[in-house]
Amino acid sequence: MEEVNVGIIGLGNVGYATLNILSENADQIAQKLGFRLNVTAVCSRGVASLHIPEKLGNVLRTADWREVVAHPDVQIVAELVGGTDVAANIIDSAIEHRKSVVTANKAIMAACGSEIWDRAIRSGINLAMEASVCGGIPIHAVLREGISGDRVTALYGILNGTCNYILTEMEKRGVPLAYLVAESQRLGYAEADPSADIDGFDARSKLVLLAALAFGERITPSDIFVEGIRRITPLDFDYARQLKHTIRLVCGARQTSEGLILFVRPALIPSSTILASVQGPYNAVWVKGQFGEDTFYYGWGAGHPTGVSVVSDLMRVAREIRSGSPERVSPFAHERLGEYRPVSVNRQKRAYYLRFRVEDRPGIIATLAGILAAKHISLEAVLQEPCSTKHDLPFVITVEETSEQSIREAVDEMCQLEFMREAPLALPMETAL
Ligand SMILES: NC(=O)c1ccc[n+]([C@@H]2O[C@H](COP(=O)([O-])OP(=O)(O)OC[C@H]3O[C@@H](n4cnc5c(N)ncnc54)[C@H](OP(=O)(O)O)[C@@H]3O)[C@@H](O)[C@H]2O)c1
């Protein structure tokens, strides 16, 4: 049977892994498809110095992505360059040339995925983006097909492996964030500039896509409250442990009577929950459905697992090219129903963990309790680890369920107190897991 031809642009972690899998697994892939997936062209600016597996046969190598997109034999373009500039041009140009597109690019798809999908559908081509969220976990397929008959009410995820590595190592070894950021850079988990990971922006792009798929709503990055993990210390894990909780960068999307609440933030989660057991650079997604109840998906988010997702997308798109795809439905299609309107995280109601660092003196707890009481916030517990210095005394107050709005107002007022050494750290205590 005639083969389907692929062009791969970007040969870094994901692109090269994809190439390797297409070469090493070629016979199995052909057996599963009933025809071969042929790599016709590959591109990166430094392609001349790269080893291209001989098994792939005669492959055009070029440093100019336009040659791949315009190549008359290439039917599917895999955009694995990353970033938003060149990658956007590659995707646009591929759609103009009526070539199907497979991408791992969460940044572009989060910013304008809906428009790209509409253009792709109008051009009659296929677009697949499984690899853009959670690397090796086939979560797009789950939400678009596997549980599409259900009505999702909540989705919680650990979507950034670097942050999860840093937090779980801090929990185990009691070492500070700066040390663990440097360690994750050495291990290749974090970029030279770790901000996208530790400030939560990478996870936010992923949540945009997952929430759009799960709730069929047009979600933009600005709909999602984001707070990174920079302020988390080993001491917070000591206190969390006393409360039978742990701390994770939690990405949440939850339907409420007022609308959809979306956030990426460090949160306390009960140690007994399945998300709490996700360790190291792993990703996980927990979905609650109105009819199907809980399902949980777990996996690795790095180069080769992501390559598997890219190859699986290439196979799916190739199948559709060969057999025709009668219904190309955008994953953002039911946005038009407008059922799930994103609302401010301020409407969220939770118990909260408040961690303070103060210059010790009599009457501190009474002052803080007074501010909380004035906002109708009920104090639950006060925790204090032994500490030798009175100049920088840490302690924790937990409060009963209240609104994010009330907690923010209380924290703003507490920031003005002259014994406060830094702004109190307020973390929600998630229960709906
Ligand atoms: N790494 C992961 O674990 C992972 C997981 C899930 C999703 N993703 C996504 O996968 C995509 C790729 O990530 P990656 O980690 O593989 O990135 P990467 O290692 O930095 O690779 C990028 C590749 O693109 C090439 N490139 C850059 N600019 C180019 C240009 N103008 N023309 C042609 N080639 C160009 C680079 O090679 P030259 O410099 O030689 O051109 C390199 O081969 C991103 O969208 C990322 O978000 C990555």
(request) Output yes when any residue across region 389-410 is of a type in the set (D, E, K, R) and at pLDDT below 95, and no when none is. (result) yes
(request) Considering only region 161-201, state which residues are of a type outside the set (A, V, I, L, M, F, W, C) and either touching a Lys or Arg at 6+ places or on another chain (Cβ under 7 Å) or closer than 18 Å to residue 236 by Cβ (or both). (result) 164, 165, 168, 169, 171, 172, 173, 174, 176, 179, 199, 200
(message) Restricting to region 111-131, name every residue that is within 16 Å of the ligand (Cβ to nearest atom) and surrounded by fewer than 24 Cβ atoms within 10 Å (Cβ to Cβ).
(response) 111, 112, 116
(request) Assess whether residue 135 counts as being open to solvent by 10 Å² or more (accessible area, probe 1.4 Å) and closer than 23 Å to residue 217 by Cα. (result) no
(message) Test of understanding: among 221, 176, 234, which residue is surrounded by fewer than 24 Cβ atoms within 10 Å (Cβ to Cβ) and modelled with pLDDT under 95?
(response) 221
(request) Answer yes or no as to whether residue 154 is surrounded by 17 or more Cβ atoms within 10 Å (Cβ to Cβ), farther than 20 Å from residue 282 by Cα and away from the ligand (no atom under 14 Å from the Cβ). (result) yes
(message) Please go through region 75-91 and give me each residue that is more than 8 Å from the ligand (Cβ to nearest atom) and either more than 16 Å from residue 44 (Cα to Cα) or at pLDDT below 95 (or both), ordered by number.
(response) 75, 76, 84, 85
(message) So, in region 369-399, how many residues would count as being under 22 Å from residue 238 (Cα atoms), surrounded by 14 or more Cβ atoms within 10 Å (Cβ to Cβ) and touching a residue at least 24 places away in the same chain (Cβ under 8 Å)?
(response) 9
(request) Only residues in region 81-95 that are touching a residue at least 24 places away in the same chain (Cβ under 8 Å) count as the first member; pair them with residues that are part of a helix (DSSP H, G or I) and hydroxyl-bearing (Ser, Thr, Tyr), Cβ under 7 angstrom, at least 6 apart or cross-chain, and list the lot. (result) 95/123
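The values are calculated or read from the model by the stated rules, or taken from the named source; none is laboratory data. Here the structure is a predicted model, which means the values were calculated and not measured. Virtual Cβ from ideal backbone geometry, glycine too; neighbours counted across all protein chains shown. Keep in mind that these areas ignore ligands, DNA and RNA; they rest on the heavy atoms of the full protein, side chains included. Shrake-Rupley method; radii C 1.70, N 1.55, O 1.52, S 1.80 Å.
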